[in-house]
Every structure is written in structure tokens, then in C-alpha cells.
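Presented below is the structure to which this report refers.
The values are calculated or read from the model by the stated rules, or taken from the named source; none is laboratory data. Everything numeric in this text was worked out from a predicted model, so none of it was measured. Note that each Cβ is placed from the backbone with ideal geometry, even for glycine, and that neighbours are counted across all protein chains shown.
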Amino acid sequence: MALSLVLAGSAASGARGEPIYHESGGLVVVEIESIPPAKGWSEGTELSGYTGRCYYMDGGGGDPLVYKLLITTPGRYRLALRNRHDFHDATLENDCWTQMDDGPKVKTFSSQRGQWTWHTRHEFHGGDKPEAAYDLDAGLHTFTISGRSKNFSIDRFHLFLDEKGREALDPGLAESGTGAPPVPDLKVLKTAASHLQQGRLGPALADAERRVEARDAGEAEEARRVVEVLGTYADKRREDLRRLKASDPATAASLLGDLARQFGGTKRGSELAAEARAWQSEPATRNAVQAQQVLAQIEQMAQPLLRRKDAGGGDLAARFAQELAAIGKAVSALRKRYPDTPASRKALELAARLGASVAE
């Protein structure tokens, strides 16, 4: 038996405790039921062949299911939903909405019916129906699935670099990590086991470190295993964040601080906290944080226009020229003051999506 660790508020979790799935080797694997079902979605077990505990079925217009992803290897990622629909007409009850970050909601469909399939395509205006894919920078991303068709079922989803090929479509692949690796069943270290089950890595590590020299051989062996596993986990997460820091220093520093707090009360936690403070004080990190704050203001300006655009609100340029000009001016100012930041790149993408002109 193994203890499955769920980390609340750690480098593996978001601000409200939601899990963050870590890309590894150009692959992210997520079971749909790893977060609770949103309104309009129901758990299903009647259709055989699903993986994990269950699948989710859309009851018709289900609310958004929101997943956090940490990408450290940038590139073009294909999206494969393991889905099923059984309506006799394969063109009906066969789709959902998907959205990456603040991008548009896109109809995402499958034309294969009556079986679990990876067939996943986007459908854009004008009838373009390419394989579903996203260009992802290194950093945190938010992937959202919303209901569109009653009885459309989803088992899991994979995001993977093109070069991964068919090996990325193995439904037996383990879910991407969100926390420390499972720890073997602890028969003696009950206190450490309780801490681990609650995601309290610092207290678990401190308890194990006190007992590595125990006279009882079984107790000492369990303690050494806990220390080794948690140390390996911390080192791996720190290396991931060091790679992320090159392209997204603000996110990397924030997540390293979260990891340090999870290991609070230990030497490991103190070392991580010192490194996080050093990262936060670097000019590149401060610039990235300030740029993100400016981007948030621009996104707030853009939200009404984005809603109109996604709802098919017609020619924005003709009706909202003044608003678009203001957004373009704000984006230009951000890019001039904070060049080469993730916020600068995202702001330019936002302007392009709206059709706002940005002076170089």
C-alpha cells in the first residue's frame, strides 16, 4: 500500500489548494476526476474501459472544470481528450468547449462514436478543424473544459509535444505529479504518516530526521526512506523551478517560496526560503512581477470586449475603436517598460486577439 500525498498550498498546489500538474519530458497526464465535478457534470462508471476512479459526463452545458499546469519545456503541445459519445449520429453529442489561459473558448470535438477514443479536434470559424494543439511557454497555465453537449463523456486528457508521438496516447500512463512521490506504507512512523497524508512535508521530515538513528532497525529504516524520498522530491522540484526561472522568474520565485513553506521548520525549508528570497530580489523577478500587475489591469480593460468577441459580437473595430486604441496604447507602454517578460508576450497576444493596434 502507498500513501498518496495531496499538497495544499505547496509548490505543487495553487493559491486555493488546487493541484498543479507538472509537465515532465514534454508530457502532462491528468485524470478528469482529479478535481471535483463542476455543476452539470456527473461521475460515471457504467461505460467500461475508463481509467482511474470514474469518468465525467456532461449533463448539458456543464460548468467549467479548471486544471492548473506547470510547463517547464516550452513548445507546441497536442491536446488529446480520452472521450466517448454514443449517440447514433456521430456529429451530435460529441463535443465540449476547451480554453487555455485567457485564450478563446474553442469547440473541441470527436467524430468517433461508441468507444473510448483519443480523437480530438478543434473547430474554428470558417470550418477549419485542425488537431487540437496549443503553443505553450514555460510557466503556469490554466486549462479549462466546459460542457457543450449532453452525454459527452471524458475520462482523462493528455497534453504532449509532437515528438512524443503515439506513446503519449497510452491510457495506462500514470498521472502527472502534483506532490511528493508515494511513500511506502509506514508501519512504525505513524506520526510521519499522518503528516504526509495531510501534505505537511516539514513536520513529516522533521519527525523522520529525529528517528534515523533509532535503535529499532525497522523504525530507522522507515525514517531513512522518508528522508530520502522527501529530499529527492524537493531537489527535483527545485531543479524544475530553476529551469522555469529562465523564462518566468516571477512564477518560479513564487512557487519556490510555496515549496519552502511546505518544508517549514526544517533545514531544507530554510535553505529553500533563502533561495526564494534571493530570486525575489533579483531585478528580472521584480520587473516580471510589476509587468504582471500591469497586465492584470489591461486584462480587466479587455474582458468586456473578449466576451463580446467570443459571443460573436461582430466587428469590434467598428464599434469599440476608442477602447481598442486604449488597450493598444497600454500594451505598447507595457512592452516598452518591461520587454522580454511573460506579461509582455501575453499582452501582445491579447492585443492580437482583439485586433488592437500596438505601436512598436
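Overview of results
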read-out: Criterion: of a type in the set (D, E, K, R), within 22 Å of the chain's Cα centre (by Cα), modelled with pLDDT of 95 or more and not in a loop (DSSP other than H, G, I, E, B) - qualifying residue of R78, R53; value: R78
read-out: The one condition in (1) surrounded by 12 or more Cβ atoms within 10 Å (Cβ to Cβ); (2) farther than 19 Å from G103 by Cβ; (3) more than 28 Å from the chain's Cα centre (by Cα) that K267 fails to fulfil; value: (1)
read-out: Qualifying residue in region 82-96 (condition: free of Cβ contacts under 8 Å to residues at least 60 places away in the same chain and either of a type in the set (K, R) or outside any loop (DSSP other than H, G, I, E, B) (or both)); value: yes
read-out: Pick from region 111-124, criterion assigned to a loop (DSSP other than H, G, I, E, B) and under 23 Å from T142 (Cβ atoms), ranking: farthest from the chain's Cα centre (by Cα); value: F124
read-out: Selected residue (only one of L196, L205, L159 is outside any helix (DSSP H, G or I), among the aliphatic types (A, V, I, L, M) and touching a residue at least 24 places away in the same chain (Cβ under 8 Å)); value: L159
read-out: Hey, A325 touching a helix residue (DSSP H, G or I) at 6+ places or on another chain (Cβ under 9 Å), of a type in the set (G, A, S) and either in contact (Cβ under 8 Å) with a residue 12 or more places away in the chain or not assigned by TED's automatic domain parsing to the domain that holds D235 (or both) or not; value: no
read-out: Number of positions in region 48-76 that are in contact with a Gly (Cβ under 8 Å, 6 or more places away or on another chain) and within 30 Å of S247 (Cα to Cα); value: 5
read-out: Residue match in region 282-293 (condition: closer than 30 Å to A347 by Cβ and not in a helix (DSSP H, G or I)); value: yes
read-out: Which listed residue is of a type in the set (S, T, Y) and under 30 Å from D240 (Cβ atoms), from T120, T45; value: T120
read-out: Among residues of region 281-304, those that are crowded, with 17+ Cβ neighbours inside 10 Å and either over 17 Å from R335 (Cβ atoms) or free of Cβ contacts under 8 Å to residues at least 12 places away in the same chain (or both), counted; value: 1
read-out: When residues of region 20-57 are limited to those that are without any contact (Cβ under 8 Å) to a residue 60 or more places away in the chain and in contact with a strand residue (DSSP E or B) (Cβ under 6 Å, 6 or more places away or on another chain), the one surrounded by the fewest Cβ atoms within 10 Å (Cβ to Cβ); value: S42
